[in-house]
Amino acid sequence: MSDVISNCLDKIIDYRGKTPKKLGSEWSTFGYRAISADNVKFDGLYKLDSIRYVNEALYKKWMKVEVKRGDVLLTSEAPAGQALLWDSEEKIVLSQRLFGLRANGKIYNKYLKYYLQSETGQKEIANKTSGSTVFGISAKMFDLIKIHFPNMPRQIRIGDLLYTLDSKIGLNNRINAQLEAMAKTLYDYWFVQFDFPDKNGKPYKSSGGKMVYDKQLKRKIPAGWEVSQIGKYFDSNRGVSYSSSTINGKGIPMINLASFNIDGSYKHSGLKTYSGPYNEKKILKPFDLVMCNTQQTAIDYDNDIIGKAFLIPDIFKGDIVSSHHVNSIKVKKENLKYYLHRLFNTNHFHKYAAGYTNGTNILGLVFIGIQKYTSEIPDDITLGKFAKIMIGIEKQKSVIIKENQQLAELRDWLLPMLMNGQVSIK
């Protein structure tokens with residue numbers, strides 16, 4: 001069976017033209033979350049980057065029709081056609097470039113989501129987009145976009161199976177986010193508050209551990225710690241230069257600018273493949289430390305990744321390289337690597353690194369500035385304890401990333417065959 005999407009919907013929620021200023025108000029720092037297209041651009045999964053808020057008064061002005069649990073959120077442009085099932089009772093604002101679609105009795109909401117994500121659904125959307133500079137879909141186009149669907153029991157089986165896979169991916173992402181938050185908290189507790197475990201296992205500073213004033217840092221640090229330029233402890237190696245012909249989808253994994261999330265963590269969806277020449281010095285190994293050396297946006301401390309760093313996850317087979325936009329950091333003391341990884345992703349270091357850049361349109365790091373950064377260096381015992389915990393966390397994160405790759409591959413393999421009837425579910 002087939003029909004146009006509008007005949008399969010009870011409601012189209014469309015507030016794309018509204019902004020706080022048009023409604024006589026401003027964004028808030030708390031309240032109701034405003035979900036935009038930017039939050040549903042990763043395989044239809046929910047992203048929490050750049051969430052903004054509105055207060056209760058503005059919410060009531062804005063959302064005359066509320067989003068309900070089970071509604072499908074669909075991006076209207078940049079790109080059009082990314083879908084998310086809103087599976088929460090939380091009240092939200094539909095912000096920029098986003099529709100809310102409420103299915104009727106013809107269509108199972110989860111089937112609608114995956115049809116829109118399928119190759120057939122994406123072609124239907126692409127054929128109906130319009131615009132001069134940015135192509136998108138308007139609410140009227142749901143009268144033209146077709147959807148093909150089987151009987152309801154089959155729709156439910158297809159939708160539930162695919163949604164189970166995505167739900168597991170989402171759960172894994174939340175677990176990894178919690179592991180990352182734990183690591184950041186531990187770094188702050190040990191190396192900002194200086195409450196690392198002393199020889200008796202008690203928090204060092206809170207238990208009266210000796211602190212000494214350092215003239216270079218102009219603050220107190222634990223007794224026995226060194227103060228040094230960090231370049232003393234590592235060498236750096238710029239990655240491989242590439243051309244469009246060497247990143248054509250074949251070859252070995254290449255870590256690049258798009259592999260960095262804003263917080264410095266690894267982003268698998270940004271990975272490229274490289275088929276050009278490279279030497280042994282360019283090969284990366286699991287848990288090697290890499291740093292972004294190139295500006296991705298205009299320097300904005302909240303949204304740029306220059307100077308951010310992550311540890312290569314243990315998810316690859318064979319050789320791995322990085323692009324020339326990335327430096328590998330080869331430490332002279334292995335345990336120091338895990339301390340430097342966390343240091344590089346602090347706001348203080350990020351702002352420092354942004355001050356050591358040059359270029360005309362795109363800024364690059366002047367790496368000697370990174371090497372000159374002066375920091376306290378913890379004693380070897382403390383570094384060893386911290387490294388042991390961080391290695392465990394990074395290994396757990398790698399297992400989860402690898403599992404998510406397998407789940408996503410299974411979902412993407414099943415999706416077209418379920419939609420065209422090549423595979424059935426008993």
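With Rh defined as the Kirkwood radius, the inverse of the mean 1/r over Cα pairs, the Rg/Rh of the chain is 1.02. Each other residue within a Cβ distance under 15 Å of Gln155 adds +1 if Lys or Arg and -1 if Asp or Glu, for a net charge of +3.
Largest first and in whole Å, the equivalent-ellipsoid semi-axes of region 176-400 read 32, 20, 15, each the square root of five times a Cα gyration tensor eigenvalue. Based on the Stokes-Einstein relation at 20 °C and a viscosity of 1.002 mPa s, and on the Kirkwood radius from alpha carbon pairs, region 2-149 is assigned a translational diffusion coefficient of 138 µm²/s. Taking every C-alpha pair closer than 8 Å and separated by at least 6 residues, the mean separation divided by the residue count of the chain gives a relative contact order of 14 percent.
Count Lys and Arg as plus one, Asp and Glu as minus one, and take only other residues whose Cβ is under 15 Å from that of Ile137; the net charge is then +2. Among the trypsin sites (Lys or Arg not before Pro) within region 138-236, those in coil by DSSP and having at most 11 neighbouring Cβ atoms inside 10 Å are Lys199, Lys210, Lys215, Lys218.
In a fully extended conformation the segment linking Tyr213 and Lys22 would gain 63.4 nm over its present Cα-Cα distance, using 0.36 nm per residue.
Relative to its residue count, region 165-256 spans a Cα convex hull of 207 Å³ per residue. Cα centroids of region 53-92 and region 360-425: 30 Å apart. Quick check: net charge around Asp198, other residues with Cβ under 12 Å of its Cβ, Lys/Arg +1 and Asp/Glu -1? Computed value for this residue: +3. For Lys18, a cut-off of 18 angstrom between C-alpha atoms picks up these aspartates and glutamates, skipping any fewer than 8 places away in its own chain: Glu26, Asp38, Glu56, Glu66, Glu77.
Dividing the mean sequence gap of close Cα pairs (under 8 Å, 6+ apart) by how many residues region 176-400 holds gives a relative contact order of 24 percent. What is the Cα centroid distance between region 220-283 and region 21-38, reported in whole angstrom? A separation of 36 Å, based on Cα centres. Note down the relative contact order for region 2-149 as a percent, whole number, built from C-alpha pairs under 8 angstrom at least six residues apart. About 32 percent, as a whole number.
Read the figures in this text as sums done on the coordinates, not as results from a lab. Computed from a predicted structure; not experimentally measured. Note: ideal-geometry Cβ built from the backbone for every residue, glycine included; neighbour counts use all protein chains shown.
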